[in-house]
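*Asks:* I have a structure here, written as structure tokens, and I will follow up with some questions on it.
What follows is calculated from the coordinates using simple rules that are stated; it is not laboratory data. What you are looking at is a predicted structure, and each value in this text was computed from that prediction instead of being measured. For neighbour counting, all protein chains shown are included, and Cβ atoms are generated from backbone atoms with ideal geometry for every residue, glycine included.
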Amino acid sequence: MNDLRFTEQPFSHWMRTAGNESEIVISSRVRIARNLQKHPFPLLATNQHLEEVQQELRQVLKDPRLKAYGVLHPIQLSETDDLNKKMLVEKHLISPSLANESRNGAVYISEDESLSIMVNEEDHLRIQCLYPGFQIKEAWEKASAVDDIFEDHVTYAFDDKRGYLTSCPTNVGTGLRASVMMHLPALVLTQQINRILSAVSQIGLTVRGIYGEGSEAMGNLFQISNQITLGQSEAEIIDNLRSVVLQIIGHEKAARERLMSESRLRVTDRVMRSFGILSYAAVIDSKEAAQRLSDVRLGINLGLIDGIAPQTMNELMVLTQPGFLYKSFNGKIEAGEMDMYRAKLIRQKLGKSLK
Amino acid sequence: MLCQECGKRPASLHFSKIVNGDKSEYHLCEACAREKGELIPGTSGGFSIHNLLSGLLNFEAVEQGKRTVNPESLRCEVCGMTYSQFSKLGRFGCSSCYKYFNNRLDPLFKRVHGSTVHTGKVPLRVGGEIKTKRQIETLKRRLQDSIDHEEFETAAQLRDQIRELERQITEH
């Protein structure tokens with residue numbers, strides 16, 4: 001009964017559309033955590049409790065106002081195999097924790113994949129909204145509107161003083177985590193990145209690599225998100241993040257201009273070498289692929305490479321992850337062959353073939 | 001320098017966490033960092049936020065241990081989680097834990113968020129009273145302001161508004 005449409009193809013709607021500042025900001029994501037008043041949090045809840053949570057939240061999905069967000073396709077995690085779970089994580093449609101740790105977990109994903117409603121993750125309910133480019137405010141507004149609909153039907157765990165009560169003390173208050181994924185190759189190349197990132201972390205924001213679980217910043221992709229959820233209003237959190245991201249965009253743009261005016265030849269050489277390697281390599285590991293793809297993306301942005309759509313880079317970002325790679329070759333990949341197939345797939349996408 | 005976790009391998013990851021000016025330093029070997037799970041920005045290993053939290057919580061227990069209830073006996077009457085379990089797991093068992101552990105939470109929230117009181121969104125349906133209370137607080141601040149500026153006419157109006165709102169709350 002699970003809908004496999006989301007793992008059949010690597011494209012999400014958001015990857016096709018451009019979005020604001022899409023040369024630097026890949027995507028904007030908001031997640032709000034909520035719990036139902038009358039049940040223990042998932043950590044201590046019995047399977048019976050969790051089943052009731054599912055039932056209660058499933059009722060809410062019948063609310064006609066949710067139709068505005070498109071058809072919501074249900075997926076029960078207990079009926080989903082590991083490969084499909086992995087692919088949903090690689091597309092950022094569900095969290096690693098929902099995929100690996102949840103009991104009685106479920107997710108409802110909108111047709112265009114911009115809205116996922118996760119049930120029985122660390123909290124009973126997590127509403128996620130994912131938009132292309134720099135649209136963090138829009139993402140918050142949509143998530144908040146969905147939150148209002150849920151709140152009409154169920155009683156949330158809420159306290160006058162502490163706000164929305166969550167399983168982890170790091171989410172209490174607003175339950176809001178807003179994050180923006182940025183591609184910052186010029187700041188890395190000009191060695192300004194550490195200075196900027198350490199400044200960011202001193203004002204209540206955190207930075208990490210794109211694939212959540214402790215991944216390093218592969219491919220010059222950085223995820224900037226708020227750390228503080230208590231004591232600031234949602235509007236303050238979003239505004240704070242927005243203004244910091246705007247400043248980083250400004251620095252990245254300036255660094256790109258400087259690279260082009262002062263080291264055009266060296267940048268061109270770097271971009272073209274990476275383009276060459278991706279076009280002809282027979283074996284490539286994920287770390288190198290991410291770095292080369294970043295170079296090519298920069299080359300496209302700077303007008304050094306044409307004939308490749310920037311969206312192809314977004315598609316490759318997902319396709320070169322292990323789950324999607326495995327699926328692309330119908331599961332025929334043996335251990336140790338991953339890097340060979342990754343190289344093959346990139347060659348195909350870039351229109352080259354190796355005899 | 002040896003890893004602070006295993007004490008055997010040399011520490012290869014060094015990072016500091018700054019929350020509101022309080023700096024904590026961590027020195028870990030790669031194996032321990034990876035074992036810890038989730039995240040240190042910029043490393044391939046990881047270090048779960050819950051580990052960091054339980055560090056903070058244990059610290060709290062040591063600091064206050066002499067003055068307050070023994071963490072073993074402090075317990076949520078609804079879900080049964082003890083404070084010492086909470087400080088190990090870094091997660092609450094149910095919404096009532098917030099009530100039973102309330103006295104211990106201010107220092108924790110202060111460290112994590114720099115603040116202890118929610119100022120954001122309020123649920124529409126159950127939030128009526130909270131909204132009124134917030135309105136009263138705002139009016140009281142304005143009342144104080146107008147007294148300070150000797151604008152007594154405005155002050156009188158504000159006082160009436162506050163009384164009206166307070167009456168609404170007690171009637172509910």
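*Asks:* Would you mind checking the pairs B:Lys8/B:Lys110; A:Lys85/A:Lys142; A:Lys137/A:Lys327 and listing those with alpha carbons more than 27 angstrom apart?
*Replies:* Values: B:Lys8/B:Lys110 34 Å; A:Lys85/A:Lys142 25 Å; A:Lys137/A:Lys327 35 Å.
Cα-Cα > 27 Å for B:Lys8/B:Lys110; A:Lys137/A:Lys327; rest within.
*Asks:* Here's a follow-up. Please find the FRET efficiency linking A:Asp159 to A:Asp285, where r is the Cβ-Cβ separation and R0 is fixed at 45 Å, and quote it to the nearest 0.05.
*Replies:* The calculated FRET efficiency here is 0.40.
*Asks:* Gap in Å between the Cα centre of region B:102-136 and the Cα centre of region A:101-171?
*Replies:* Each part's Cα centre sits 19 Å from the other's.
*Asks:* Between 0 and 90 degrees, rounded to the nearest ten: what's the tilt of helix A:234-262 against the longest Cα principal axis of chain A?
*Replies:* It works out to around 0 degrees.
*Asks:* What is the dipole size for chain A, taken about its Cα centre, with +1 at each Lys and Arg Cβ and -1 at each Asp and Glu Cβ, in debye to the nearest 20?
*Replies:* Details: 41 positive and 44 negative charges, 256 e Å.
Roughly 1220 debye, rounded to the nearest 20.
*Asks:* Equivalent-ellipsoid semi-axes (√(5λ), Cα gyration tensor) for region A:5-255, whole Å, largest first?
*Replies:* 30, 20, 17
*Asks:* Here is a further query. Work out the FRET efficiency for A:Lys38 and A:Asp239 from their Cβ-Cβ distance, taking R0 = 41 Å, and round it to the nearest 0.05.
*Replies:* Details: r = 34 Å, r/R0 = 0.84.
Calculated transfer efficiency: 0.75.
*Asks:* Quick check: the angle from helix A:264-280's long axis to the longest principal axis of chain A, C-alpha only, nearest 10 degrees?
*Replies:* For A:264-280 against chain A, the angle is about 70 degrees.
*Asks:* With a 10 Å Cβ neighbour count serving as the proxy for reagent exposure, in which order, fewest first, do A:Ser279, A:Ser95 appear?
*Replies:* Least to most surrounded, the residues fall as A:Ser279, A:Ser95.
*Asks:* Further question: At q = 0.25 Å⁻¹, what is the base-10 log of I(q)/I(0) for region A:264-349 according to the Debye formula with one equal point scatterer per Cα and no solvent? Please give it to two decimals.
*Replies:* Those come out to -1.23, one per q.
*Asks:* Can you work out the FRET efficiency for the pair B:Asn103 and B:Arg134, with r the C-beta to C-beta distance and R0 = 25 Å, to the nearest 0.05?
*Replies:* It comes to 0.55.
*Asks:* Another one. Other chains near A:151-157: what is the mean number of their Cβ atoms within 10 Å of each residue's Cβ?
*Replies:* Mean shielding by partner chains, rounded to a whole number: 4.
*Asks:* Same structure, new question: Angle, helix A:338-349 long axis vs. longest principal axis of chain A, Cα atoms, 0 to 90°, nearest 10?
*Replies:* Taking the Cα atoms of chain A, the angle to A:338-349 is about 70 degrees.
*Asks:* Taking Cα atoms of region B:95-169, Rg/Rh with Kirkwood Rh, to two decimals?
*Replies:* In region B:95-169, Rg relative to Rh is 1.11.
*Asks:* For the residues B:Ser115, A:Ser12, A:Ser261, what sequence is obtained by ranking on other C-beta atoms within 10 Å, fewest first?
*Replies:* A:Ser261, B:Ser115, A:Ser12
*Asks:* Pick from A:Leu241, A:Leu130, A:Leu57: which is most flexible by mean-square fluctuation in a GNM of chain A where alpha carbon atoms under 10 Å apart are linked?
*Replies:* For chain A, modelled as a Gaussian network with Cα springs under 10 Å, the answer is A:Leu57.
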